[in-house]
Amino acid sequence: MAEKLKIIPLGGLGEVGKNLTVYEYKEDIIVVDCGLGFPDGEMYGVDVVIPNVSYLSRNIEKIRAIILTHGHEDHIGALPYLLQDINAPIFATALTAALLKGKLEEHHLAKIADIRLMETGVSFKAGCFGIEPIHVNHSIPGAVALAITTPVGVVVHTGDFKIDVTPIKSEMIDLTRFGELGKKGVLLMLSDSTNAENSGFSHSERIVGKRLAELFENCKSRIIVTTFSSNVQRIQQVIEVAARYGRKVGITGRSMENMIKVATEMGSIDIPPDTIVEMAKLRNYPRDQIAVITTGSQGEAMSALFRMAFSEHKFIDISTGDRVVISASAVPGNEKTVSRLINLLLSRGAEVLYRSVDDELHVSGHACQEELKMLIALVKPRFFMPIHGEQRHLRTHAALAHSMGIEPNCTVIGDIGRIVEVTKKSIKLGGTVQSGRVLVDGTGIGDVGSVVLRDRQHLAQDGMLVVVLSLNSEDNSLLSGPDIISRGFVYVKDSGSLIDEMKSLVVDTLEGCSLNNITDWATIKTSIKTALSSFLYKTTKRSPMILPVIMEI
Ligand SMILES: [Zn+2]
Ligand SMILES: [Zn+2]
């Protein structure tokens, strides 16, 4: 029987985030991307979500390389966690490598990581795989697709991409190379599905520059622009426009300052001389000569823009007349926080421009339908697998492929942990490997599991009630208490009668236990819990977490 190429997504399917795809052939594994995801509103206290990589931990000796398509968090963010167990050579283009180094330094892992630079058009080997990075357009410089030569055929893994015929400070996506590969024969393409539901073409990054110029021209007030700190091309355009209209630019927000520093060192951004000034010196200039680039495009509560709106920023206080430009879209899940920030800025008297009132303030970094189809037409893969998207995006993308003549049985919709088996002649879903999500809270990796999460949800919704009493260990008679402590359920001082009723119910329950010769404390605790919880549900329609504590005297 012919050996199969196994493709195992450990994240990034049925979700947008934590992209990680495993390619395995006999004794060799390569990993493409290792990203993180952000918690949803129900994951109280969870900072980030990373893919479960136990499959990789069990196959450490097979891993030949980790290859990064670009420097976004959903593609590199989980590496610091992965590297604690798995140390394989990491291949990345220059900017991605620089961003990764910064991230690893924060985790004190920079010394152990073996980071190697890769360049577009220069192939390298990793086990039985040959890898060629191909230049693509995206919302961060240094993004590549990968042409992976495997023993069963060539696989094109697009990474995140769009087609921008007029990009900023870089070339257009290397469509020629995709076409050449297509002519030689590509077995399978895995392609970015983020914008599969959007018809037409994505707009060029350049239209944002044009719009920004209009907003800077003849503006008499301070201009404050926020965008994703990774969107180097956007930052470049803001700085250029500011310089053109005679403004000095201040940079604020840790990730923004860091990104501009790294991008400058790597030559990914060109800053006109004498444009950037320290934030502290901005006050020496009149308002119509000031521009600020800041973090906070997602309405993050600790971000520089948020602090400016709350008069908590060291150098800038938003005031009447300021023009605030939000050059970004709200990432799904962040709509509320962004809306809160917009309202806050407006209430401070600022003029706020954002995408839903001005759609030229931001363009997506992901290909829309016509671009996706164009890539399928150029690459002409025999098999097709949509990646990087929720079910709806994956399904729509698969339907697009069908409309381009790829047979339904030549397309697979994968799932996290599900093996996709590929031979020269077939593609199909196989078995599963251990997979899932690992929650990171502070320095704890994976110690917040479903039980802890359920408790946190319970506590957040209904609060907690602690019932403390002391019993005589000989005859279980009540020596002191019951005392009732409430946190997040009711305010004890204002709920005297309810608390009294609960106390007498506890006393009755204890008597009931003693009448029925129930003496073990575990059962007594359960009885107290049951009695209180049905009483509270009847009287308040709430179900707080109830913790009986029995002390022995
Ligand atoms: Zn990306
Ligand atoms: Zn992505």
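Annotations for the structure displayed:
- Test: residue in the stretch 438-461 that is in contact with a strand residue (DSSP E or B) (Cβ under 9 Å, 6 or more places away or on another chain), among the basic types (Lys, Arg) and outside the structural domain of ASP160 (by TED's automatic domain parsing): no
- Spans of strands (runs of 3 or more DSSP E) in the stretch 1-120 with at least 1 residues within 16 Å of ligand 2 (Cβ to nearest atom) and within 24 Å of VAL156 (Cβ to Cβ): 5-11, 20-25, 28-32, 48-51, 63-67, 90-92
- Flag for LEU190 being in contact (Cβ under 8 Å) with a residue 24 or more places away in the chain and surrounded by 21 or more Cβ atoms within 10 Å (Cβ to Cβ): yes
- Note on the stretch 140-162: among residues that are of a type in the set (Gly, Ala, Ser) and either assigned by TED's automatic domain parsing to the domain that holds MET266 or within 21 Å of VAL232 (Cα to Cα) (or both), the one that is nearest to ligand 2 (Cβ to nearest atom) is GLY159.
- Answer residue from the stretch 136-147, given it is in contact with a strand residue (DSSP E or B) (Cβ under 6 Å, 6 or more places away or on another chain) and within 13 Å of ASP33 (Cβ to Cβ) and is farthest from ligand 1 (Cβ to nearest atom) among those: LEU146
- Among the residues of the stretch 399-423, those that are small (Gly, Ala, Ser) and surrounded by 19 or more Cβ atoms within 10 Å (Cβ to Cβ) comprise ALA401, GLY414, GLY417.
- Scanning the stretch 38-46 turns up no residue that is in the same structural domain as GLY159 (by TED's automatic domain parsing), touching a Leu at 6+ places or on another chain (Cβ under 9 Å) and within 16 Å of ligand 1 (Cβ to nearest atom).
- Matching entry among GLY17, GLY45, GLY11, GLY35 (being at pLDDT below 95, of a type in the set (Gly, Ala, Ser) and open to solvent by less than 10 Å² (accessible area, probe 1.4 Å)): GLY17
- Filtering the stretch 169-186 to residues that are more than 16 Å from ligand 1 (Cβ to nearest atom), of a type outside the set (Asp, Glu) and either open to solvent by 20 Å² or more (accessible area, probe 1.4 Å) or closer than 25 Å to VAL363 by Cα (or both) leaves LYS169, MET172, LEU175, THR176, ARG177, PHE178, LYS183, LYS184, GLY185.
- Exactly one residue out of ILE90, ILE76, ILE66, ILE50 is more than 16 Å from ligand 1 (Cβ to nearest atom), surrounded by 24 or more Cβ atoms within 10 Å (Cβ to Cβ) and under 23 Å from GLY333 (Cβ atoms), and it is ILE50.
- Among residues of the stretch 356-372, those that are over 20 Å from ASN343 (Cα atoms), open to solvent by less than 50 Å² (accessible area, probe 1.4 Å) and more than 16 Å from ligand 2 (Cβ to nearest atom), counted: 1
- Elements of type strands (runs of 3 or more DSSP E) in the stretch 426-524, at least 1 residues being more than 19 Å from GLU552 (Cα to Cα) and of a type in the set (Lys, Arg): 427-432, 437-441, 478-487
- For the stretch 133-152, the tally of residues that are open to solvent by 20 Å² or more (accessible area, probe 1.4 Å) and closer than 17 Å to LEU378 by Cα stands at 1.
- Restricting the stretch 500-553 to residues that are under 41 Å from the mean Cα position of the chain (by Cα) and surrounded by 18 or more Cβ atoms within 10 Å (Cβ to Cβ), the residue that is nearest to VAL451 (Cα to Cα) is MET545.
- Of the residues making up the stretch 265-284, those that are open to solvent by 70 Å² or more (accessible area, probe 1.4 Å) and either more than 27 Å from THR96 (Cβ to Cβ) or assigned to a helix (DSSP H, G or I) (or both) number 7.
The values are calculated or read from the model by the stated rules, or taken from the named source; none is laboratory data. Computed from a predicted structure; not experimentally measured. Neighbour counts run over all protein chains shown; Cβ positions are idealised from the backbone, glycine included. Areas reflect the complete protein model, heavy atoms only, side chains present, ligands, DNA and RNA absent. Shrake-Rupley method; radii C 1.70, N 1.55, O 1.52, S 1.80 Å.
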